1. Using Cα atoms only, what is the angle between the long axis of helix 36-47 and the major principal axis of the chain, expressed in degrees (0 to 90) to the nearest 10?
2. Find the eigenvalues of the gyration tensor of the Cα atoms of the chain, then list the square roots of 5 times those eigenvalues as equivalent ellipsoid semi-axes, largest first, in whole angstrom.
Amino acid sequence: MKPEIFGWTGKTLKVDLNRLQTTVLSTMDYAERYLGGRGVATRIYYEA
């Protein structure tokens with residue numbers, strides 16, 4: 001069972017300055033597999 005998420009928790013804002021676009025990425029897909037914010041950020045950076 002996944003916990004309820006409120007506000008900005010579980011989300012990351014991706015900003016593309018070349019295209020002037022923003023995208024909201026869900027970090028809940030990574031939260032159970034990677035430990036803490038540093039682990040999630042490293043995985044997102046690796047995929048980019």
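1. 40 degrees
2. Working: eigenvalues 90, 42, 10 Å².
For the chain, the semi-axes come out at 21, 14, 7 Å.
Read the figures in this text as sums done on the coordinates, not as results from a lab. What you are looking at is a predicted structure, and each value in this text was computed from that prediction instead of being measured.
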